[in-house]
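One structure is given below, encoded as structure tokens.
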Amino acid sequence: MSAATMTASQARTISLAEAAEFIWTEADLLDHRDYPAWLALWSEGGYYVIPIDPDETDFENTLNIAYDDAQMRRMRTERLSGGFTISATPVARTARTVSRLRVLRSAPGMLELRAAQVLVEQRLQLQRIYAAEVEYRLLAHGDGLRLDRKVVRLLESTDALHALGYLP
């Protein structure tokens with residue numbers, strides 16, 4: 001796309017502070033299970049990925065814990081909020097901390113970052129801790145941002161995982 005055909009939002013620079021605020025808001029929405037607001041953060045063509053292999057980059061042609069486009073994200077959140085499921089009953093309470101944001105790539109209207117995430121899950125009188133490297137691709141959209149890709153690389157992704165009744 002040439003500079004002449006870019007919209008103002010596509011041509012603007014995304015600051016690290018704006019990206020951090022967006023990422024922290026996303027974590028808060030997930031911890032409070034506000035799935036409609038979380039779904040609204042995404043670009044139409046965005047992907048949410050949890051790969052099994054921590055070094056994988058070809059998500060489309062490999063097995064993943066999750067590889068969700070818009071329709072799969074909608075279906076997953078409906079299952080999580082739509083009544084009884086063995087993996088989500090009782091509902092887990094979660095608290096995420098996302099930190100160590102590092103810019104990997106920046107272009108007009110786009111920012112790619114990597115961050116560390118620690119997620120604490122409380123369910124059935126047990127507390128579990130999941131750590132992950134998370135990669136984000138954010139796109140400028142109007143005066144805000146949209147999540148275009150989120151890759152959650154769980155540190156224990158190659159180990160046996162407990163049922164995850166929430167989105168890591």
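The values are calculated or read from the model by the stated rules, or taken from the named source; none is laboratory data. Here the structure is a predicted model, which means the values were calculated and not measured. Reconstructed Cβ throughout: ideal geometry from the backbone, glycine too, with neighbour counts over all protein chains shown.
Going through segment 129-155 one residue at a time, which ones are in contact with a strand residue (DSSP E or B) (Cβ under 7 Å, 6 or more places away or on another chain) and in a loop (DSSP other than H, G, I, E, B)?
L155
Counting only residues that are in contact with a helix residue (DSSP H, G or I) (Cβ under 8 Å, 6 or more places away or on another chain) and assigned to a strand (DSSP E or B), how many does segment 34-85 have?
11
Given the condition in a strand (DSSP E or B), farther than 24 Å from E21 by Cα and among the charged types (D, E, K, R), answer yes or no: does some residue in segment 110-128 qualify?
yes
Collect the residues in segment 69-122 that are surrounded by 15 or more Cβ atoms within 10 Å (Cβ to Cβ), acidic (D, E) and at pLDDT 95 or above, keeping them in residue-number order.
E112
Tally time: how many residues in segment 98-132 are in contact (Cβ under 8 Å) with a residue 60 or more places away in the chain and within 25 Å of H32 (Cα to Cα)?
So the answer is 5.
For M1, which of the numbered conditions (1) at pLDDT 95 or above; (2) touching a helix residue (DSSP H, G or I) at 6+ places or on another chain (Cβ under 9 Å); (3) not charged (D, E, K, R) fails to hold?
(1)
Can you pull out the residues in segment 4-33 that are surrounded by 13 or more Cβ atoms within 10 Å (Cβ to Cβ), in a helix (DSSP H, G or I) and at pLDDT below 80?
Correct list: S9, Q10.
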